[in-house]
Amino acid sequence: MSTSEVSASGAAPERARPGRKSKEISLEEAGRIVAQARVIHLMNSAMALVRAAIRARARGLTVIPQVTSSLSVDLLVAAGCVEKLYISYIGFESLGFAPAFRRAAEDKRIEIVEADEAFLMLGTRAAAGGMPYVPIRHVYEATDLPRLNPLLKKARDPFSGEDVYAVPPLAGDVCLVHAQECDVHGNAQVWAGNQQEIDKAMASRLVIVSAERIVPVDRTRENVEKVTLPGYLVHGVVHAPFGAHPLVCARHYEPDTAHLQAYFDAHAKGQVGDYLERYVHGCRDEADYLERVGVRQVMGLMRNV
């Protein structure tokens with residue numbers, strides 16, 4: 001054992017507790033798990049897991065993203081993986097609308113469930129809590145959503161007698177999350193964001209976390225309050241440095257706007273198939289993907305974070 005493996009107390013840092021099995025799996029195995037699923041809950045920054053699912057030939061997916069989404073969903077649509085999509089917002093801010101989603105929606109190649117933030121969050125929470133539905137008042141009466149979304153049903157509040165709308169549970173087979181840190185038992189720290197991952201994990205049968213760093217269990221114990229996704233909910237852990245690229249990973253790197261622009265340009269030129277071949281299908285693994293993006297370009301994203 002090298003000196004670097006000894007903690008300040010003189011003991012070796014605990015990688016995995018005796019009697020507890022490590023949950024670490026390969027990215028390829030994670031992709032195969034997603035490819036076998038029907039319904040996935042998806043956090044937007046889980047890009048390495050999305051690319052792995054595409055390489056594993058995932059098809060016919062129903063995707064329930066977080067309330068605002070961008071490339072993770074759009075890339076799945078571009079690769080022909082999505083059959084049904086629950087959507088509140090999908091776009092790329094200054095770059096514009098999500099190009100693959102827009103074309104698929106216009107061509108009616110995917111089924112779209114018109115949702116809003118309340119529908120996605122409350123439906124996920126209903127599934128997480130094992131509830132048949134969540135009632136909501138005074139939100140949808142002034143909107144077209146009840147007409148556009150047949151899953152919104154009117155119900156009578158048994159206590160007040162008022163009419164309410166019932167949001168159904170949105171359960172998933174697999175939930176995909178990218179974290180900044182995670183130990184081998186699945187205790188994950190997701191920095192920034194709005195903590196939707198806990199409800200999405202509880203609403204899913206299996207949870208896979210990719211992480212920038214796999215840390216010793218001792219490090220988790222030092223800052224237990226920073227764990228946003230406890231290990232008992234997690235089934236698989238994947239070591240995926242730059243696993244959110246080309247999107248942002250708080251306190252690690254900025255979004256790669258040049259790469260995102262290249263993705264948009266590929267759509268505009270009718271060359272999205274070439275993009276997928278170069279950066280997804282043609283990559284042996286994520287290391288190969290990062291080499292194709294360019295080491296200097298990736299390292300430059302770590303400035304000023």
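K226 versus A250, label points 7 Å from Cα toward the beta carbon: distance in nm?
Reported label-point gap for K226 and A250 is 1.2 nm.
Starting from 0.36 nm per residue, how many nanometres of slack lie between R205 and V139 once their C-alpha separation is accounted for? Before the final figure, lay out the partial values.
On the way: separation 66, 0.36 × 66 = 23.76 nm, distance 3.02 nm.
Result: 20.7 nm gained on full extension.
Considering the options G129, V190, A115, tell which one lies farthest towards the positive end of the dipole of segment 112-255, charges being +1 on Lys and Arg and -1 on Asp and Glu at the Cβ, about the Cα centre.
It is G129.
P(r) for the chain: what percent of alpha-carbon pairs falls in each 20 Å bin, starting at zero?
Pairs per bin, as whole percents: 32, 55, 13, 1.
Could you report the accessible area of K84 in Å², rounded to 10, computed with a 1.4 Å probe on the protein chains as they sit in the structure?
The accessible area of K84 comes to roughly 50 Å².
Step through the residues of segment 122-131 one at a time and calculate ³J(HN,Hα) from phi using the Karplus curve (6.51 cos²θ - 1.76 cosθ + 1.60, θ = phi - 60°), rounding each to whole Hz and writing x for Gly and Pro.
Ordered by residue, 3J(HN,Hα) equals 6, x, 5, 5, 4, 5, 4, x, x, 8 Hz.
Could you compute the net charge surrounding L122? Neighbours are other residues with a C-beta less than 14 Å from the C-beta of L122; K and R count +1, D and E count -1. Before the final figure, lay out each step's value.
On the way: positive: R125, R137, K153, K200; negative: D116, E117, D199.
Summing Lys and Arg as +1 and Asp and Glu as -1 gives +1.
Could you work out, for segment 74-130, what percent of all Cα-Cα pairs fall into each 5 Å distance bin, beginning at 0 Å and stopping at the bin that holds the largest distance?
Per 5 Å bin, starting at zero, the Cα-Cα P(r) for segment 74-130 comes out as 4, 18, 24, 21, 17, 10, 4, 1 percent.
Apply the Karplus curve 6.51 cos²θ - 1.76 cosθ + 1.60, θ = phi - 60°, to the phi angles in segment 108-120 and return the couplings in whole Hz, x for Gly and Pro.
6, 8, 10, 7, 10, 9, 5, 10, 9, 4, 5, 4, 5
Express in Å², to the nearest 10, the accessible area of F92 obtained by rolling a 1.4 Å probe over the protein heavy atoms while all chains stay in place.
20
Output the relative contact order of the chain, whole-number percent, from Cα pairs under 8 angstrom with separation of 6+ residues.
Values: 610 pairs, mean separation 58.0, N = 305.
It rounds to 19 percent for the chain.
With a sphere of radius 13 Å drawn around the Cβ of M43, what net charge do the other residues whose Cβ falls strictly inside it have (Lys, Arg +1; Asp, Glu -1)? Don't jump to the answer; show the numbers that get you there.
Numbers: positive: K200; negative: E197, D199.
After counting each charged neighbour, the total is -1.
Lysine pairs in the chain 8 or more apart or on different chains: how many have alpha carbons under 29 angstrom apart?
For the chain, qualifying lysine pairs total 16.
Counting pairs of alpha carbon atoms under 8 Å apart in space and at least six apart in sequence, what relative contact order in percent does segment 145-227 give? Please list the in-between numbers first.
Numbers: 111 pairs, mean separation 23.7, N = 83.
It rounds to 29 percent for segment 145-227.
Just add up the charged neighbours of M302: K/R +1, D/E -1, any other residue whose Cβ is under 13 Å from the Cβ of M302.
Working: positive: R251, R296, R303; negative: E212, E254, D256.
Surrounding charge for M302 is 0.
Apply 1/(1 + (r/R0)^6) to the Cβ-Cβ distance of R59 and E291, taking R0 = 30 Å, and write down the FRET efficiency to the nearest 0.05.
Details: r = 28 Å, r/R0 = 0.93.
Step by step, r from the Cβ atoms, then E = 0.60.
Which whole-number value in Å² is the accessible area per residue of segment 119-230, probe 1.4 Å? Mind showing how you got there, number by number?
On the way: 5210 Å² over 112 residues.
Normalised by residue count, the accessible surface of segment 119-230 is 47 Å².
The values are calculated or read from the model by the stated rules, or taken from the named source; none is laboratory data. Note that the structure is a prediction, hence the values are computed from the model and not measured. Cβ sites come from the backbone with ideal geometry, for glycine too, and all protein chains shown count toward neighbours. For accessibility, only protein heavy atoms count, side chains too; no ligands or nucleic acids. Shrake-Rupley method; radii C 1.70, N 1.55, O 1.52, S 1.80 Å.
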